[in-house]
Amino acid sequence: MEQGTDSAAARRMARVASHLCPPTSQMEEVAILKGSNCRAKGAAPGFKVAVLGASGGIGQPLSLLMKMNPLVSVLHLYDVVNTPGVTADISHMNTGAVVRGFLGQPQLESALTGMDLVIIPAGIPRKPGMTRDDLFNINAGIVRTLCEGIAKCCPNAIVNVISNPVNSTVPIAAEVFKKAGTYYPKRLLGVTTLDVVRANTFVGEVLGLDPRDVNVPVVGGHAGVTILPLLSQVNPPCSFTSEEISYLTSRIQNGGTEVVEAKAGAGSATLSMAYAAAKFADACLRGLRGDAGIVECSYIASQVTELPFFASKVRLGRSGVEEVLPLGPLNEFERAGLEKAKGELAESIHKGVAFANK
């Protein structure tokens, strides 16, 4: 009995010592953080979640928020740089999820194997003067590579795409999965929650309400005029002047630019995006758990319009998207906005499909 106690104590001390001895390279640090040297064995019951791009401006706060989520039992953090440090930092939080870090392309498959939910914030951020399309050539390639790994290692996972331009990267992901024979439209979701979060906040400001009590459906896409807040369907029901409608619609559509310009070259909307992504991921996990009545907006394969992809309200469940809800009645201003949004969306979708098939 005493020998067994000594052996267990020795293992514990070795684990502590491995963290106290500074590694000479990032790859050594990853080795320290993997497997039995991870914080704990036997995670709390829950879901396995991977964040791809965990060291970036969105990825770091998103990883922190996912570590705080009680529905997450295992959290895999992947990036091409700096993952060991982020992993070590977040792994010290006294929440239930076991954290493991993965560094670089050779470890992508290990990061993805067995995951229930994969969140993709990977890519470069917007800078002043850049549009989301300026990001396309770099981020499109990143998303394609990551989705090839998903198709191979966790084809049944729910995939949340954050990497911009979402209007194009979701179609790219779909094409990658089609080629691999692992395309399940209900499990591929573009994250547009930040548009809803902004809409709720800005409408709450105008009405003098707590934004947590406001719900604004935002449909269309996730860039500029493709972002269409349905202010006629705000809950609680209310009315706006034409000036308020114009102001709110413009501010919601240009919320990302507002942050990029305010940061003056120091980044884009990373913190609010991480919050919105964690909020949406939590909704997906609650759906996987079997909770009822979970409705969020998301950019998905859709028949709501003639376009193959469109953001609208969806009901989430065990298989991902259980139901795509109709747009509901639109006023004249919203109908005009919808036509404008569809024109730009069609171009973005085509651009994504063409990239994936070239």
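Enumerate the helices (runs of 4 or more DSSP H) found wholly within the range 86-203, keeping only those where 2 or more residues are of a type in the set (S, T, N, Q) and under 30 Å from residue 264 (Cα atoms). Lay out the reasoning, then the answer.
Details: elements: 108-112, 136-153, 166-180.
Of the helices (runs of 4 or more DSSP H) lying wholly inside the range 86-203, those with at least 2 residues that are of a type in the set (S, T, N, Q) and under 30 Å from residue 264 (Cα atoms) span 136-153, 166-180.
All but one of (1) within 22 Å of the chain's Cα centre (by Cα); (2) touching a residue at least 12 places away in the same chain (Cβ under 8 Å); (3) farther than 12 Å from residue 334 by Cβ hold for residue 266; state the number of the condition that does not hold.
(2)
Scanning for something in contact with a helix residue (DSSP H, G or I) (Cβ under 9 Å, 6 or more places away or on another chain), part of a helix (DSSP H, G or I) and closer than 25 Å to residue 340 by Cα, does the range 204-223 turn up at least one residue?
no
Among the listed residues 347, 323, 306, identify the single one that is acidic (Asp, Glu) and within 19 Å of residue 191 (Cβ to Cβ).
Details: 347 fails: within 19 Å of residue 191 (Cβ to Cβ); 306 fails: within 19 Å of residue 191 (Cβ to Cβ).
Result of the check over 347, 323, 306: 323.
Give me a count of the residues in the range 295-308 that are closer than 19 Å to residue 347 by Cα and open to solvent by 10 Å² or more (accessible area, probe 1.4 Å).
Total satisfying the criteria: 8.
Which one is farthest from residue 157 (Cα to Cα), of the residues in the range 185-203 that are over 16 Å from the mean Cα position of the chain (by Cα) and open to solvent by less than 10 Å² (accessible area, probe 1.4 Å)?
203
Could you tell me which numbered condition residue 176 fails, if it satisfies all but one of (1) in contact with a Cys (Cβ under 9 Å, 6 or more places away or on another chain); (2) open to solvent by less than 10 Å² (accessible area, probe 1.4 Å); (3) of a type in the set (Val, Ile, Thr)?
With respect to (1) in contact with a Cys (Cβ under 9 Å, 6 or more places away or on another chain); (2) open to solvent by less than 10 Å² (accessible area, probe 1.4 Å); (3) of a type in the set (Val, Ile, Thr), residue 176 is out only on (2).
Would you mind telling me which numbered condition in (1) modelled with pLDDT under 95; (2) in a helix (DSSP H, G or I); (3) open to solvent by 40 Å² or more (accessible area, probe 1.4 Å) residue 260 fails?
(3)
Could you check the range 135-162 and list, in sequence order, the residues that are open to solvent by less than 30 Å² (accessible area, probe 1.4 Å), farther than 17 Å from residue 49 by Cα and in contact (Cβ under 8 Å) with a residue 24 or more places away in the chain?
Applying the first criterion (open to solvent by less than 30 Å² (accessible area, probe 1.4 Å)) to the range 135-162 yields 135-136, 139-141, 143, 146-147, 149-151, 153-154, 157-162.
Pick out the ones that are also farther than 17 Å from residue 49 by Cα and you get 135-136, 139-141, 143.
Of everything in the range 135-162, those that are open to solvent by less than 30 Å² (accessible area, probe 1.4 Å), farther than 17 Å from residue 49 by Cα and in contact (Cβ under 8 Å) with a residue 24 or more places away in the chain turn out to be 135, 136, 139, 140, 143.
Going by the structure shown, is residue 292 open to solvent by 10 Å² or more (accessible area, probe 1.4 Å), at pLDDT below 95 and outside the structural domain of residue 169 (by the TED database)?
Working: open to solvent by 10 Å² or more (accessible area, probe 1.4 Å): yes; at pLDDT below 95: no; outside the structural domain of residue 169 (by the TED database): yes.
For residue 292, the condition - open to solvent by 10 Å² or more (accessible area, probe 1.4 Å), at pLDDT below 95 and outside the structural domain of residue 169 (by the TED database) - is not met.
Find all pairs meeting these conditions: Cβ atoms under 9 angstrom apart; at least six residues apart or on different chains; first residue within the range 236-252 and within 17 Å of residue 215 (Cβ to Cβ); second residue open to solvent by 60 Å² or more (accessible area, probe 1.4 Å) and part of a loop (DSSP other than H, G, I, E, B).
236/209; 238/209
Within the set of pairs 6 or more residues apart or between chains, which connect a residue that is over 13 Å from residue 140 (Cα atoms) inside the range 345-358 to a residue that is buried (at least 21 other Cβ atoms within 10 Å of the Cβ) and of a type in the set (Val, Ile, Thr) with Cβ atoms less than 8 Å apart?
Pairs found: 345/226.
Can you say whether residue 167 is more than 20 Å from residue 282 (Cα to Cα) and either in contact (Cβ under 8 Å) with a residue 12 or more places away in the chain or among the aliphatic types (A, V, I, L, M) (or both), as far as the supplied structure shows?
yes
Which of the residues belonging to the range 192-244 are over 21 Å from residue 302 (Cβ atoms) and of a type in the set (S, T, N, Q)?
The answer is 200, 201, 235, 239, 241, 242.
Of the residues that sit in the range 220-247 and are of a type outside the set (Gly, Ala, Ser) and under 17 Å from residue 161 (Cβ atoms), which one is farthest from the chain's Cα centre (by Cα)? Outline the logic, then answer.
Taking the range 220-247 first, the residues of a type outside the set (Gly, Ala, Ser) are 222, 225-231, 233-238, 240-241, 243-245, 247.
Okay, now just the ones that are also under 17 Å from residue 161 (Cβ atoms), so 222, 226-227.
Values: 222: 13, 226: 19, 227: 17 Å.
If we take residues in the range 220-247 being of a type outside the set (Gly, Ala, Ser) and under 17 Å from residue 161 (Cβ atoms), then 226 is farthest from the chain's Cα centre (by Cα).
The values are calculated or read from the model by the stated rules, or taken from the named source; none is laboratory data. Predicted model only: the values in this text are computed from it and were never measured. Cβ coordinates were reconstructed from backbone atoms using ideal geometry, including for glycine residues, and neighbour counts include every protein chain displayed. Heads up: the accessible areas ignore ligands, DNA and RNA and are worked out on the full protein's heavy atoms, side chains in. Shrake-Rupley method; radii C 1.70, N 1.55, O 1.52, S 1.80 Å.
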